[in-house]
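The values are calculated or read from the model by the stated rules, or taken from the named source; none is laboratory data. These figures come from a predicted structure and were not determined experimentally. Ideal geometry is used to build each Cβ from the backbone, glycine not excepted, and the neighbour counts take in all protein chains shown.
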Amino acid sequence: MRIIHLKHVGSTNDEVIRLAQSGEALPFWVVADEQTNGRGRRGRQWQGLEGNLFASGIYEFNQDPAIIATLSFVVSYSLFETLSEFIDKNRIALKWPNDILVDCKKISGILLESQIKGGIVQLVIGVGLNVMHAPIINEYGTIAMKDCLENPIPGLDKMKILHNFMQKFAINLSYWEQFGSGHVIEKWKKFAFKINKNIEIVQGNATINGKLIDISPCGEIILRNDNGEVIKINAGEMLL
């Protein structure tokens with residue numbers, strides 16, 4: 001898998017799209033040392049602190065877009081496997097639908113963006129990982145890899161971390177293609193944040209409360225509300 005390493009970009013997601021439109025053969029990844037206009041879900045800015053990992057890959061799929069959306073679980077579980085080589089896995093939690101936490105603080109976020117060209121879905125996978133620095137965010141706590149290690153590793157190599165993740169993603173992607181999303185989600189939900197606990201989901205101006213009882217094979221949150229009703233939710237934001 002090709003990796004294009006750049007010193008400076010506005011957004012790695014935007015850069016892979018630009019390169020694909022200019023004729024770069026898919027799939028490939030872009031990684032940048034500095035990102036000045038990164039973004040997360042719901043249009044939030046992703047702070048591009050030097051020393052952290054900012055990378056985006058672009059792939060083509062012919063499955064239904066709803067099925068392709070479950071790749072967020074493949075990406076986050078692959079990142080979990082990578083992080084667990086450095087950090088005790090029992091400290092790591094996978095927050096639906098696409099954040100990774102350590103000690104209940106955000107260490108990584110994922111942004112999937114797609115476009116359809118000639119009936120084929122081009123999927124951009126954006127990954128941000130706090131390797132050396134934890135940005136200050138008012139809404140929630142953050143943490144960096146270097147602060148999680150019992151035996152600090154001088155100069156954590158973000159490129160080695162990226163290669164490690166890409167190898168794991170390739171394996172989990174092949175499982176997803178062969179066995180469907182349920183195969184990876186079964187493994188993902190063993191480390192799901194607040195499983196069997198009360199949660200809040202924000203959908204626009206509405207808030208849904210209930211106990212998180214499961215994640216469906218297609219990635220929906222299944223919760224039981226205060227009235228005992230079981231509800232499936234396929235979009236929204238889980239509050240920390």
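Among the listed residues G38, G57, which satisfies the condition of being at pLDDT below 90 and either under 12 Å from Q122 (Cβ atoms) or buried (at least 17 other Cβ atoms within 10 Å of the Cβ) (or both)? Reasoning before the result, please.
Values: G57 fails: at pLDDT below 90.
Within the list G38, G57, the selection yields G38.
Looking only at the range 154-175, decide whether some residue is out of contact with any helix residue (DSSP H, G or I) (no Cβ under 8 Å at 6 or more places or on another chain), modelled with pLDDT of 95 or more and closer than 19 Å to K95 by Cβ.
no
Of all residues in the range 45-84, which are more than 23 Å from I185 (Cβ to Cβ) and among the charged types (D, E, K, R)?
Passing the criteria: only E50.
Quick check: is even one residue across the range 44-51 touching a Lys or Arg at 6+ places or on another chain (Cβ under 7 Å) and without any contact (Cβ under 8 Å) to a residue 24 or more places away in the chain? Walk me through it before giving the result.
Within the range 44-51, the subset touching a Lys or Arg at 6+ places or on another chain (Cβ under 7 Å) is 45-46.
Remaining after also requiring without any contact (Cβ under 8 Å) to a residue 24 or more places away in the chain: 45.
Checking the range 44-51: at least one residue is touching a Lys or Arg at 6+ places or on another chain (Cβ under 7 Å) and without any contact (Cβ under 8 Å) to a residue 24 or more places away in the chain.
For the range 46-60, how many residues meet the condition of being over 16 Å from L111 (Cβ atoms) and in a strand (DSSP E or B)? Even if it seems obvious, please write down each step before you answer.
Just the residues of the range 46-60 that are over 16 Å from L111 (Cβ atoms), to begin with: 49-51, 60.
Applying the additional criterion that residues be in a strand (DSSP E or B) yields 60.
Within the range 46-60, residues that are over 16 Å from L111 (Cβ atoms) and in a strand (DSSP E or B) number 1.
Identify all residues within the range 130-146 that are without any contact (Cβ under 8 Å) to a residue 60 or more places away in the chain and part of a helix (DSSP H, G or I); write none if there are none.
Residue satisfying the conditions is K146 alone.
How do the strands (runs of 3 or more DSSP E) wholly within the range 172-240 filter down when requiring 1 or more residues that are among the acidic types (D, E) and either touching a residue at least 24 places away in the same chain (Cβ under 8 Å) or not assigned by TED's automatic domain parsing to the domain that holds I67 (or both): which remain?
Working: elements: 198-203, 206-215, 221-224, 230-233.
So the answer is 198-203, 206-215.
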